[in-house]
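What follows is one structure encoded as C-alpha coordinates, with my remarks underneath.
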Amino acid sequence: MTAVNPLARLEVRFAGSFPDPLQKLEPELPEFAFIGRSNVGKSSLLNALLGRRSLARVSSTPGKTQLLNIYTLPTLHLIDLPGYGYARATKPERAGYRKLLERLLRDRPTLSGVVWLLDIRHPPSRDDVEFQQLLAKSGIAVLVVLTKADKLNRSGVTTALRDRTRELGLEADQIQVVSAERGDGITELATAILAAAGEDTR
Ligand code: GDP
(Lines give C-alpha, C1' and ligand atoms only; values in the text may rest on other atoms or scores of the structure.)
Protein backbone atom coordinates (compact mmCIF):
# COMPACT_ATOMS: atom_id res chain seq x y z
CA MET A 1 0.00 0.00 0.00
CA THR A 2 1.33 3.44 -0.88
CA ALA A 3 1.41 5.76 2.12
CA VAL A 4 -0.42 9.03 1.66
CA ASN A 5 1.59 12.23 1.61
CA PRO A 6 0.40 13.91 4.84
CA LEU A 7 1.05 17.45 3.56
CA ALA A 8 -1.05 17.03 0.42
CA ARG A 9 -4.29 16.63 2.35
CA LEU A 10 -3.84 19.88 4.26
CA GLU A 11 -5.25 23.20 3.20
CA VAL A 12 -2.58 25.53 1.83
CA ARG A 13 -2.68 29.24 1.14
CA PHE A 14 -0.15 31.38 -0.71
CA ALA A 15 0.62 34.07 1.87
CA GLY A 16 2.62 36.28 -0.49
CA SER A 17 6.07 37.27 -1.74
CA PHE A 18 8.21 39.32 0.60
CA PRO A 19 11.63 40.99 0.20
CA ASP A 20 12.34 41.15 3.96
CA PRO A 21 14.01 37.99 5.35
CA LEU A 22 12.57 38.92 8.76
CA GLN A 23 8.99 39.34 7.52
CA LYS A 24 6.62 38.42 10.37
CA LEU A 25 4.03 35.80 9.51
CA GLU A 26 0.56 35.34 10.94
CA PRO A 27 -0.20 33.15 12.75
CA GLU A 28 3.16 32.39 14.34
CA LEU A 29 3.98 28.77 13.43
CA PRO A 30 7.13 26.70 12.82
CA GLU A 31 8.75 27.63 9.53
CA PHE A 32 10.74 25.57 7.04
CA ALA A 33 12.81 27.25 4.35
CA PHE A 34 13.48 25.51 1.02
CA ILE A 35 16.72 26.34 -0.69
CA GLY A 36 19.13 25.08 -3.34
CA ARG A 37 20.85 25.97 -6.56
CA SER A 38 18.55 27.45 -9.18
CA ASN A 39 17.16 24.66 -11.35
CA VAL A 40 17.69 22.04 -8.63
CA GLY A 41 13.96 21.21 -8.78
CA LYS A 42 12.69 23.29 -5.84
CA SER A 43 9.40 24.44 -7.38
CA SER A 44 8.66 20.94 -8.60
CA LEU A 45 9.39 19.52 -5.15
CA LEU A 46 7.16 22.07 -3.39
CA ASN A 47 4.32 21.32 -5.77
CA ALA A 48 4.78 17.57 -5.21
CA LEU A 49 4.88 18.03 -1.41
CA LEU A 50 1.78 20.19 -1.43
CA GLY A 51 0.02 17.87 -3.87
CA ARG A 52 -0.63 20.74 -6.27
CA ARG A 53 0.30 20.86 -9.89
CA SER A 54 1.55 24.43 -10.06
CA LEU A 55 1.26 26.28 -6.78
CA ALA A 56 4.96 27.10 -6.58
CA ARG A 57 5.76 29.08 -9.66
CA VAL A 58 9.03 28.74 -11.46
CA SER A 59 10.96 31.89 -10.67
CA SER A 60 10.85 34.16 -13.70
CA THR A 61 14.23 35.85 -13.39
CA PRO A 62 16.56 33.77 -11.26
CA GLY A 63 19.14 35.81 -9.37
CA LYS A 64 17.08 38.98 -9.60
CA THR A 65 13.89 38.10 -7.76
CA GLN A 66 15.18 37.85 -4.19
CA LEU A 67 11.80 37.30 -2.63
CA LEU A 68 10.56 34.86 -0.03
CA ASN A 69 7.44 33.09 -1.32
CA ILE A 70 5.42 31.88 1.63
CA TYR A 71 2.93 29.01 1.75
CA THR A 72 0.85 28.75 4.90
CA LEU A 73 -0.58 25.45 6.13
CA PRO A 74 -2.62 24.90 9.30
CA THR A 75 0.42 24.09 11.43
CA LEU A 76 3.46 25.45 9.60
CA HIS A 77 4.77 27.90 7.04
CA LEU A 78 6.88 26.85 4.07
CA ILE A 79 9.31 29.49 2.82
CA ASP A 80 10.40 29.16 -0.78
CA LEU A 81 13.74 30.98 -0.97
CA PRO A 82 15.28 32.20 -4.20
CA GLY A 83 17.75 29.73 -5.71
CA TYR A 84 21.46 30.47 -5.50
CA GLY A 85 24.31 29.96 -7.93
CA TYR A 86 22.65 31.65 -10.87
CA ALA A 87 25.52 32.04 -13.34
CA ARG A 88 24.50 35.45 -14.64
CA ALA A 89 23.94 37.09 -11.23
CA THR A 90 26.06 40.21 -10.75
CA LYS A 91 28.42 40.72 -7.82
CA PRO A 92 26.01 43.06 -5.95
CA GLU A 93 23.17 40.58 -6.52
CA ARG A 94 25.27 37.80 -5.02
CA ALA A 95 26.25 39.98 -2.06
CA GLY A 96 22.61 40.99 -1.49
CA TYR A 97 21.55 37.38 -1.63
CA ARG A 98 24.19 36.30 0.88
CA LYS A 99 23.06 39.05 3.25
CA LEU A 100 19.45 37.90 2.93
CA LEU A 101 20.45 34.33 3.81
CA GLU A 102 22.65 35.38 6.71
CA ARG A 103 19.86 37.48 8.23
CA LEU A 104 17.29 34.75 7.70
CA LEU A 105 19.46 32.07 9.32
CA ARG A 106 20.71 34.26 12.16
CA ASP A 107 17.83 36.57 13.06
CA ARG A 108 14.67 34.60 12.40
CA PRO A 109 13.77 32.77 15.62
CA THR A 110 10.63 31.22 14.11
CA LEU A 111 12.73 29.34 11.53
CA SER A 112 12.60 25.68 12.62
CA GLY A 113 14.55 24.11 9.82
CA VAL A 114 16.04 24.32 6.37
CA VAL A 115 15.22 21.87 3.59
CA TRP A 116 18.38 21.94 1.48
CA LEU A 117 18.14 20.58 -2.05
CA LEU A 118 20.97 19.18 -4.14
CA ASP A 119 20.79 17.42 -7.50
CA ILE A 120 21.61 13.78 -6.78
CA ARG A 121 23.73 13.56 -9.95
CA HIS A 122 26.30 16.24 -9.10
CA PRO A 123 28.90 16.77 -6.37
CA PRO A 124 28.25 19.92 -4.30
CA SER A 125 29.18 23.08 -6.25
CA ARG A 126 31.19 25.96 -4.80
CA ASP A 127 27.91 27.74 -4.02
CA ASP A 128 26.60 24.63 -2.28
CA VAL A 129 29.72 24.41 -0.12
CA GLU A 130 29.48 28.11 0.73
CA PHE A 131 25.86 27.64 1.72
CA GLN A 132 26.71 24.59 3.83
CA GLN A 133 29.20 26.74 5.75
CA LEU A 134 26.51 29.35 6.43
CA LEU A 135 24.17 26.60 7.59
CA ALA A 136 26.78 25.05 9.88
CA LYS A 137 27.46 28.44 11.44
CA SER A 138 23.74 29.00 12.09
CA GLY A 139 23.20 25.67 13.85
CA ILE A 140 19.71 25.43 12.31
CA ALA A 141 18.31 21.93 11.77
CA VAL A 142 18.65 20.81 8.19
CA LEU A 143 16.95 18.19 6.07
CA VAL A 144 19.11 17.35 3.06
CA VAL A 145 17.22 16.35 -0.06
CA LEU A 146 18.75 14.83 -3.20
CA THR A 147 16.50 15.65 -6.16
CA LYS A 148 15.79 14.13 -9.59
CA ALA A 149 16.47 10.52 -8.55
CA ASP A 150 14.50 9.32 -11.59
CA LYS A 151 17.41 10.49 -13.76
CA LEU A 152 19.52 7.59 -12.42
CA ASN A 153 18.90 3.86 -12.32
CA ARG A 154 18.74 2.01 -9.03
CA SER A 155 22.47 1.29 -8.76
CA GLY A 156 23.23 4.85 -9.90
CA VAL A 157 21.12 6.16 -7.00
CA THR A 158 22.98 3.92 -4.53
CA THR A 159 26.38 5.07 -5.78
CA ALA A 160 25.39 8.75 -5.94
CA LEU A 161 23.88 8.63 -2.44
CA ARG A 162 27.10 7.16 -1.07
CA ASP A 163 29.21 9.78 -2.88
CA ARG A 164 27.05 12.78 -1.87
CA THR A 165 26.93 11.53 1.73
CA ARG A 166 30.72 11.39 1.85
CA GLU A 167 31.22 14.74 0.11
CA LEU A 168 28.80 16.47 2.47
CA GLY A 169 30.21 14.79 5.56
CA LEU A 170 26.78 13.46 6.58
CA GLU A 171 25.22 10.15 7.55
CA ALA A 172 22.93 8.43 5.02
CA ASP A 173 19.95 8.76 7.37
CA GLN A 174 20.25 12.56 7.27
CA ILE A 175 19.49 12.52 3.55
CA GLN A 176 16.21 11.99 1.70
CA VAL A 177 16.32 10.95 -1.95
CA VAL A 178 13.35 12.23 -3.98
CA SER A 179 11.89 12.44 -7.44
CA ALA A 180 9.21 15.09 -7.87
CA GLU A 181 8.57 13.62 -11.31
CA ARG A 182 7.90 10.07 -10.09
CA GLY A 183 6.86 10.78 -6.51
CA ASP A 184 9.69 8.86 -4.82
CA GLY A 185 10.49 10.00 -1.29
CA ILE A 186 7.79 12.69 -1.21
CA THR A 187 5.69 11.10 1.55
CA GLU A 188 8.85 10.42 3.60
CA LEU A 189 9.99 14.04 3.26
CA ALA A 190 6.52 15.42 4.09
CA THR A 191 6.44 13.17 7.18
CA ALA A 192 9.91 14.34 8.25
CA ILE A 193 8.91 18.00 7.91
CA LEU A 194 5.75 17.50 9.95
CA ALA A 195 7.73 15.57 12.57
CA ALA A 196 10.24 18.43 12.78
CA ALA A 197 7.29 20.79 13.26
CA GLY A 198 6.30 18.68 16.25
CA GLU A 199 3.47 16.71 14.66
CA ASP A 200 2.97 12.98 14.80
CA THR A 201 1.45 11.87 11.49
CA ARG A 202 1.61 8.11 12.02
P1 GDP B 1 13.86 25.34 -9.46
O2 GDP B 1 14.53 26.35 -10.34
O3 GDP B 1 14.80 24.81 -8.43
O4 GDP B 1 12.55 25.77 -8.88
O5 GDP B 1 13.59 24.05 -10.39
P6 GDP B 1 12.27 23.58 -11.16
O7 GDP B 1 11.33 22.86 -10.25
O8 GDP B 1 11.73 24.71 -11.97
O9 GDP B 1 12.91 22.45 -12.10
C10 GDP B 1 13.99 22.73 -12.97
C11 GDP B 1 13.96 21.70 -14.11
O12 GDP B 1 14.18 20.40 -13.58
C13 GDP B 1 12.62 21.65 -14.84
O14 GDP B 1 12.87 21.40 -16.19
C15 GDP B 1 11.91 20.47 -14.19
O16 GDP B 1 11.00 19.84 -15.05
C17 GDP B 1 13.08 19.55 -13.89
N18 GDP B 1 12.81 18.70 -12.70
C19 GDP B 1 12.44 19.10 -11.48
N20 GDP B 1 12.26 18.04 -10.66
C21 GDP B 1 12.52 16.93 -11.39
C22 GDP B 1 12.51 15.53 -11.12
O23 GDP B 1 12.22 15.04 -10.04
N24 GDP B 1 12.88 14.70 -12.15
C25 GDP B 1 13.22 15.16 -13.39
N26 GDP B 1 13.57 14.28 -14.32
N27 GDP B 1 13.23 16.48 -13.68
C28 GDP B 1 12.89 17.36 -12.71
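Taking the simple approach of a point 7 Å from Cα along Cα-to-Cβ for both residue 29 and residue 17, what is their distance in nm?
Between residue 29 and residue 17, the label points sit 2.2 nm apart.
Determine the alpha carbon to alpha carbon distance for each of 24/99; 42/151; 99/148 and list only those over 23 Å.
99/148
Output the relative contact order of the chain, whole-number percent, from Cα pairs under 8 angstrom with separation of 6+ residues. All intermediate terms of the calculation are to be shown ahead of the outcome.
Numbers: 333 pairs, mean separation 52.5, N = 202.
26 percent.
How large is ³J(HN,Hα), in whole Hz, for each residue of region 22-34 in order, when computed from phi with the Karplus curve 6.51 cos²θ - 1.76 cosθ + 1.60 and θ = phi - 60°, using x for Gly and Pro?
After applying 6.51 cos²θ - 1.76 cosθ + 1.60, I find 9, 3, 7, 10, 10, x, 6, 9, x, 10, 10, 9, 9 Hz.
Give me log10 I(q)/I(0) at q = 0.12, 0.13, 0.19 Å⁻¹ for the chain, Debye formula, one equal scatterer per alpha-carbon, no solvent.
-0.57, -0.67, -1.57
Towards the positive end of the charge dipole of the chain, with charges on Cβ (+1 Lys, Arg; -1 Asp, Glu), say which of 165, 198, 131 has the farthest Cα.
Farthest towards the positive pole: 131.
Want the number for residue 188 to residue 129: 0.36 nm per residue separation, take away the alpha-carbon distance, what's left?
On the way: separation 59, 0.36 × 59 = 21.24 nm, distance 2.54 nm.
Taking 0.36 nm per residue and subtracting the Cα distance, the gain is 18.7 nm.
Return the FRET efficiency for the residue pair residue 10, residue 173: r is the Cβ-Cβ distance, R0 is 35 Å, and the value is rounded to the nearest 0.05.
Working: r = 26 Å, r/R0 = 0.74.
Calculated value: 0.85.
Report the extension gain between residue 195 and residue 122 in nm, rounded to one decimal, defined as 0.36 nm multiplied by the number of residues separating them, less their alpha carbon distance. Intermediate results must be reported in sequence, preceding the final value.
Details: separation 73, 0.36 × 73 = 26.28 nm, distance 2.85 nm.
Extending this stretch completely gives an extra 23.4 nm.
How much area per residue is accessible in region 72-164 when the probe is 1.4 Å and only protein heavy atoms are counted (Å²)?
Values: 4620 Å² over 93 residues.
On a per-residue basis, 50 Å².
Helix-only estimate, please: 222 nm mean residue ellipticity of the chain, summing -39500 (n - 2.57) across DSSP H runs of length 4 or more and dividing by its residues, to the nearest 500.
On the way: 5 runs with 65 residues, N = 202.
Value at 222 nm, helices only: -10000 deg cm²/dmol.
The values are calculated or read from the model by the stated rules, or taken from the named source; none is laboratory data. In this text, all values refer to a predicted model and were calculated from it rather than measured experimentally. Cβ sites come from the backbone with ideal geometry, for glycine too, and all protein chains shown count toward neighbours. SASA here: full protein model, heavy atoms, side chains in, ligands and nucleic acids out. Shrake-Rupley method; radii C 1.70, N 1.55, O 1.52, S 1.80 Å.
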